[in-house]
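A.B. asks: The structure's right below; bear with me while I get my questions together.
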Amino acid sequence: MERREFLRKSVWTALGSAIAGTGLMQAFNHISNDKSKTNKMKIVVLTGSPRKNGNSTYLAEQFIKGAEEQGHEVFRFDCAFNQVEPCRACNRCGMNGPCIFQDDFLKLRPHLIEADMVVFATPMYYFGISAQMKRVIDRFYAINGQIKGAPKKAAFLMTYADTSRTEAEPMLVHYHTLMDYLGWTSVGEVVASGVWTAGSVRNTDYPQQAYRMGKSL
Ligand SMILES: Cc1cc2nc3c(=O)[nH]c(=O)nc-3n(C[C@H](O)[C@H](O)[C@H](O)COP(=O)(O)O)c2cc1C
C-alpha cells in the first residue's frame with residue numbers, strides 16, 4: 001500500500017474511532033434515523049382516574065384516536081389499574097438505575113424512556129392530580145437521568161367538577177413546573193371544568209379539543 005493511501009486510511013480509521021468514542025456516532029445515527037422524515041412519534045398516555053368510564057379517561061381516548069389516525073404509536077398506561085408502589089426514597093436507583101420495586105412500573109419504564117411524547121390525563125382531586133397518577137410520576141425518579149433533558153413533548157388533560165378557572169391553576173402550575181424541570185415541551189392542555197358525574201364530559205366540546213390535539217401532531 002502506498003504511504004499516502006495508508007495515511008488516508010489511518011486518518012479515516014482514527015476519525016471513525018474518535019467519532020464512535022465521543023458519541024458523535026450517536027448523533028449521526030440519530031440523523032440517519034431522523035423521525036422528522038416520517039414524523040411518526042411514540043406517545044405514552046398516562047390516565048389517572050380510577051373510574052372506568054370516567055371523564056379524563058374519555059379525553060385520553062379521544063386524544064389517542066386523533067393521534068393514531070395520524071399514524072402515531074400510542075402506549076396507554078392506566079395508573080389506577082396497575083400495581084405501582086409509591087417511591088420510598090431509598091435512593092438505591094441513584095436517580096438513574098434499577099428500582100427496588102419489581103412491579104407494574106416495569107411495563108411502563110422502557111416506553112417512557114423511548115417516548116417522543118408523554119400525555120397526562122387526570123381528574124382533579126382536592127386541587128391536585130390524582131394520587132394514582134402522582135404515585136407513577138414519583139417513580140420517574142429512577143429514570144430521571146434518562147428522561148430529564150430528553151427532547152420530549154407533553155400534554156395535559158384534566159377534568160373537574162367546579163367551573164372556576166382559578167381552581168385549575170395549582171394543577172397547571174404543577175404541570176408546567178414539571179415540564180420546565182424535565183425540559184419537555186408542552187404542546188397544550190385541555191382544561192375540562194364543570195364535569196362531575198362519570199361520562200358527563202361527553203356532552204361538552206372538551207373531547208373534541210382532545211381529539212384535535214391528537215390529530216394535530
Ligand atoms: C377524591 C375526589 C376529590 C375531588 N376533588 C375535586 C376538587 O378539588 N375540585 C373539583 O372541582 N372537583 C373535584 N372532584 C370531582 C372530580 O374532579 C370530577 O368528578 C372529575 O370529572 C372526575 O374525573 P374522572 O371521571 O376522570 O375521574 C373530586 C372527586 C373526588 C372523587
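Each value in this text was obtained by applying a stated rule to the coordinates, not by laboratory testing. Values in this document were obtained by computation on a predicted structure and should not be read as measured data. FYI the Cβ positions are ideal-geometry reconstructions off the backbone, even for glycines, and counts take in every protein chain you see.
A.B. asks: Structure shown: which of K40/K152; K148/K215; K134/K215; K107/K153; K42/K215; K65/K134 lie over 23 Å apart, alpha-carbon to alpha-carbon? Spell out each step's value before the answer.
C.D. replies: Values: K40/K152 13 Å; K148/K215 26 Å; K134/K215 27 Å; K107/K153 21 Å; K42/K215 14 Å; K65/K134 25 Å.
Checking Cα-Cα distances, K148/K215; K134/K215; K65/K134 exceed 23 Å.
A.B. asks: May I pose another question? Can you give me the C-alpha center-to-center distance between the stretch 122-140 and the stretch 55-114, rounded to a whole angstrom?
C.D. replies: Distance between centres, Cα-based: 12 Å.
A.B. asks: Return the distance in nm (one decimal) between the two label points of a simple spin-label model at S186 and E169, each offset 7 Å from Cα along Cα→Cβ.
C.D. replies: 1.4
A.B. asks: I need the phi-derived Karplus couplings for the stretch 113-123: 6.51 cos²θ - 1.76 cosθ + 1.60, θ = phi - 60°, integer Hz, Gly and Pro marked x.
C.D. replies: Once θ is set to phi - 60°, the couplings for the stretch 113-123 become 5, 7, 4, 8, 8, 10, 10, 10, 10, 9, x Hz.
A.B. asks: Starting from the Cα-Cα distance between N96 and T38, subtract it from 0.36 nm times their residue separation and give me the gain in nm to one decimal.
C.D. replies: Length difference between fully extended and current span is 17.8 nm.
A.B. asks: While we're on this one: For a footprinting-style exposure proxy, rank L108, L157 by other Cβ within 10 Å, fewest first.
C.D. replies: Ordered from fewest to most neighbouring Cβ atoms within 10 Å, L108, L157 come out as L108, L157.
A.B. asks: Further, regarding this structure: Pull up the cross-link candidates among the aspartates and glutamates for K52, meaning alpha carbon to alpha carbon under 17 Å and not fewer than 8 places away within one chain.
C.D. replies: Cross-link targets: E61, D78.
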